[in-house]
Amino acid sequence: GAGVSQSPSNKVTEKGKDVELRCDPISGHTALYWYRQRLGQGLEFLIYFQGNSAPDKSGLPSDRFSAERTGESVSTLTIQRTQQEDSAVYLCASSLNRVETEAFFGQGTRLTVV
Amino acid sequence: EDKVVQSPLSLVVHEGDTVTLNCSYEVTNFRSLLWYKQEKKAPTFLFMLTSSGIEKKSGRLSSILDKKELFSILNITATQTGDSAVYLCAVLNQAGTALIFGKGTTLSVSS
């Protein structure tokens, strides 16, 4: 596609439920990043995928968070047993390769846990 | 711990003013520094800086990196109301596995 596409754009869920967020990167982009942005805060790195290599999961805040990506295609970020502190905008970005290129961001998913 | 610090946190100016936004960093294995403009949700790319002392320009925006003093500035001349946004600075580590973001500078330009 022309840009990074994320869905849903907004999600309201009850505390304790699982949610799945989707990211469709720019075609041909091998690198894919997930970030979280809490209200009034900077972007917080969550996870990085590069092609078929093992992902860098060092930013995932707890074992309730997981993400998958098959090859260079769609990625899903899953949050299990959601908590109110998970409320944030979840941004996905993709780039052509792992260094020396800018990352292009999707519009994000605003997650509200009530 | 790697960190990126931006200043000021917020800035209010009048149309036509020139502003300078600051970004300092402490990052092991620095690769490059990037500036983004964030309106609503999605940040949009402005500049990527890898070498010291080389100014990058795009219209009224310009940026430069100082790798010795570990900082970068983003200048906006003749500001317009459409420049109102959060400006994010991020540093890419050597492996390219993560962008480490600052908290941003919120710029408000009044007419």
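None of the figures in this text is laboratory data; all of them are computed from the coordinates on show. Keep in mind it's a predicted model, so treat the numbers as computed, not measured. Reconstructed Cβ throughout: ideal geometry from the backbone, glycine too, with neighbour counts over all protein chains shown.
Brief remarks on what is shown
- Number of the condition not met by B:K40 [criteria: (1) charged (D, E, K, R); (2) within 13 Å of chain A (Cβ to nearest Cβ); (3) surrounded by 13 or more Cβ atoms within 10 Å (Cβ to Cβ)]: (3)
- Restricting attention to segment A:32-54 and to residues that are farther than 16 Å from B:V91 by Cα and in contact (Cβ under 8 Å) with a residue 60 or more places away in the chain, the residue that is nearest to the other protein chains (Cβ to nearest Cβ) turns out to be A:Q37.
- Just so you know, in segment B:96-111 the residues that are surrounded by 17 or more Cβ atoms within 10 Å (Cβ to Cβ) and more than 14 Å from chain A (Cβ to nearest Cβ) include one that is farthest from B:L11 (Cα to Cα), and it is B:V109.
- If you go through segment B:77-95 and keep only what is surrounded by fewer than 22 Cβ atoms within 10 Å (Cβ to Cβ) and closer than 21 Å to B:A42 by Cβ, you end up with B:Q80, B:T81, B:G82, B:D83, B:S84, B:A85, B:V86.
- Subset of segment B:37-49 [part of a loop (DSSP other than H, G, I, E, B) and aliphatic (A, V, I, L, M)]: B:A42
- Inspection of segment A:75-83 finds a residue satisfying the criterion of being closer than 30 Å to B:F30 by Cβ and buried (at least 16 other Cβ atoms within 10 Å of the Cβ).
- The condition (being in a strand (DSSP E or B), surrounded by 12 or more Cβ atoms within 10 Å (Cβ to Cβ) and either more than 14 Å from chain A (Cβ to nearest Cβ) or not hydrophobic (A, V, I, L, M, F, W, C) (or both)) is satisfied by just one residue among B:S72, B:S52: B:S72.
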